[in-house]
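The values are calculated or read from the model by the stated rules, or taken from the named source; none is laboratory data. Since this is a predicted model, take the numbers as computed values, not measurements. Every residue, glycine among them, receives a Cβ derived from its backbone with ideal geometry; neighbour counts consider all protein chains shown. To get the accessible areas, we keep the full protein, side chains included, count just its heavy atoms, and leave off ligands, DNA and RNA. Shrake-Rupley method; radii C 1.70, N 1.55, O 1.52, S 1.80 Å.
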Amino acid sequence: GPLIVSFGEMLIDFVPTVSGVSLAEAPGFLKAPGGAPANVAIAVARLGGHAAFVGKLGDDEFGHMLAGILGENGVSTKGINFDLGARTALAFVTLRADGEREFMFYRNPSADMLLTPEELNLELIRSAKVFHYGSISLIVEPCRSAHLKAMEAAKEAGALLSYDPNLRLPLWPSPAEAREQIMSIWDKAEVIKVSDNELEFLTGSDKIDDAAALSLWHPNLKLLLVTLGEKGCRYYTKNFHGQVDAFNVKAVDTTGAGDAFVGALLSKIVDDQSVIEDEPRLREVLKFSNACGAITTIKKGAIPALPTTSEVLTFVKGA
Ligand code: ATP
């Protein structure tokens with residue numbers, strides 16, 4: 001099938017073995033591969049799609065382990081570079097009792113931040129039908145320039161640009177800088193997915209309503225999605241908007257739900273972009289995406305929880 005290229009960071013999350021404790025109280029940690037763009041690439045591949053990850057890892061055991069995980073999952077690693085100096089990024093993640101997460105990052109700098117424009121595999125990027133990215137790769141140079149160049153190359157070659165800002169405030173110098181940089185590439189993307197929290201942050205509004213969402217609309221945009229956790233998602237296009245309710249599940253770990261949702265959505269759009277203009281078909285796609293998100297919350301970890309197409313179909317039938 002046509003290729004989805006996902007650009008950005010891949011790292012190791014260290015997750016406490018028991019939930020609801022602070023990092024200091026945690027008796028131990030399990031390592032879990034993570035990084036939203038990498039999760040999206042794996043989500044696509046699990047669903048049977050064709051995906052590649054573009055980014056930089058440390059030339060260390062963790063970096064090669066992560067590349068191995070991509071490969072095992074059928075994601076092309078042709079766009080990966082290894083940095084000879086810096087380490088693979090780490091994040092210690094606390095899972096609070098309510099299922100929300102807090103992060104402590106080790107990036108000083110990490111390999112992903114050191115990707116240069118010159119290192120990009122432009123041939124791979126230009127072959128993308130959909131090019132997906134976040135905002136963590138915008139935080140520092142040289143990765144920021146690499147991100148902008150990759151986006152430009154993909155666009156010129158005719159790719160659909162897909163953006164999930166994936167706000168991680170602790171990584172930015174200030175909230176104002178985060179907002180400014182996230183918005184600096186806003187009007188390039190044709191598909192944008194934000195969470196309810198990101199909608200509040202970006203608009204400065206404390207209401208998660210249509211007015212807030214539509215204030216983020218721009219003329220190049222084809223589809224704007226606001227994910228609402230256990231309430232599902234809202235969608236906005238040029239011609240219509242609405243909501244698709246979530247599936248009712250007992251969530252144990254929401255890590256990666258948003259990435260599963262995006263991966264599912266892109267895996268459908270890449271085959272036929274016209275679903276965006278056809279509300280009944282779009283709602284079917286979003287139901288499928290909600291199902292992928294929901295399934296991901298039932299199991300611990302992001303990548304191990306990402307479903308295959310047959311798992312999604314069985315889940316939807318049983319729901
Ligand atoms: P992430 O936690 O990965 O940053 P996000 O905040 O971007 O995710 P969410 O809104 O948490 O995105 O989840 C994405 C989708 O997954 C939702 O739109 C919903 O369909 C599904 N989902 C997430 N949490 C739940 C839940 N508790 N119950 C049912 N479905 C859920």
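What the table below lists for this structure:
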{"quantity": "Residue in the stretch 149-157 that is without any contact (Cβ under 8 Å) to a residue 24 or more places away in the chain and open to solvent by 20 Å² or more (accessible area, probe 1.4 Å) present", "calculated": "yes"}
{"quantity": "Test: residue in the stretch 264-281 that is more than 30 Å from PHE29 (Cβ to Cβ), buried (at least 19 other Cβ atoms within 10 Å of the Cβ), within 12 Å of the ligand (Cβ to nearest atom) and not basic (Lys, Arg)", "calculated": "yes"}
{"quantity": "Matching residues, the stretch 171-198, being in a helix (DSSP H, G or I), of a type outside the set (Gly, Ala, Ser) and more than 16 Å from the ligand (Cβ to nearest atom)", "calculated": "PRO175, GLU177, ARG179, GLU180, GLN181, MET183, TRP186, ASP187, LYS188"}
{"quantity": "Test: residue in the stretch 136-148 that is more than 16 Å from the ligand (Cβ to nearest atom), open to solvent by less than 20 Å² (accessible area, probe 1.4 Å), among the hydroxyl-bearing types (Ser, Thr, Tyr) and within 22 Å of TRP186 (Cβ to Cβ)", "calculated": "yes"}
{"quantity": "Filter pass, ASP83 being within 19 Å of the chain's Cα centre (by Cα) and either loosely packed, with under 14 Cβ neighbours inside 10 Å or among the acidic types (Asp, Glu) (or both)", "calculated": "no"}
{"quantity": "Meets criteria (open to solvent by 20 Å² or more (accessible area, probe 1.4 Å) and farther than 23 Å from ASN220 by Cα) for VAL252", "calculated": "yes"}
{"quantity": "Condition check for PHE261: in contact (Cβ under 8 Å) with a residue 12 or more places away in the chain, touching a Phe, Trp or Tyr at 6+ places or on another chain (Cβ under 9 Å), near the ligand (Cβ under 8 Å from one of its atoms) and hydrophobic (A, V, I, L, M, F, W, C)", "calculated": "no"}
{"quantity": "Residue within the stretch 150-170 that is part of a loop (DSSP other than H, G, I, E, B), under 28 Å from ASP245 (Cβ atoms) and either away from the ligand (no atom under 15 Å from the Cβ) or polar (S, T, N, Q) (or both) present", "calculated": "yes"}
{"quantity": "Of all residues in the stretch 1-50 being among the charged types (D, E, K, R) and surrounded by fewer than 20 Cβ atoms within 10 Å (Cβ to Cβ), the one that is farthest from VAL312 (Cα to Cα)", "calculated": "GLU25"}
{"quantity": "Restricting the stretch 229-249 to residues that are assigned to a strand (DSSP E or B) and open to solvent by 20 Å² or more (accessible area, probe 1.4 Å), the residue that is farthest from the ligand (Cβ to nearest atom)", "calculated": "HIS241"}
{"quantity": "Residue tally, condition aliphatic (A, V, I, L, M), assigned to a loop (DSSP other than H, G, I, E, B) and touching a Leu at 6+ places or on another chain (Cβ under 6 Å), over the stretch 7-47", "calculated": "1"}
{"quantity": "Total residues in the stretch 268-304, condition over 23 Å from VAL191 (Cβ atoms), touching a helix residue (DSSP H, G or I) at 6+ places or on another chain (Cβ under 8 Å) and assigned to a helix (DSSP H, G or I)", "calculated": "1"}
{"quantity": "Single residue of LEU202, LEU216, LEU224 found to be assigned to a strand (DSSP E or B), more than 12 Å from the ligand (Cβ to nearest atom) and touching a residue at least 24 places away in the same chain (Cβ under 8 Å)", "calculated": "LEU224"}
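Residues are listed down the side, and each one gets a yes or a no for (1) of a type in the set (Asp, Glu); (2) in contact with a Phe, Trp or Tyr (Cβ under 9 Å, 6 or more places away or on another chain); (3) within 19 Å of VAL270 (Cα to Cα):
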{"position": "VAL18", "(1), (2), (3)": "no, no, no"}
{"position": "PRO27", "(1), (2), (3)": "no, no, no"}
{"position": "GLY34", "(1), (2), (3)": "no, no, no"}
{"position": "PRO37", "(1), (2), (3)": "no, yes, yes"}
{"position": "GLY79", "(1), (2), (3)": "no, yes, no"}
{"position": "ALA86", "(1), (2), (3)": "no, no, no"}
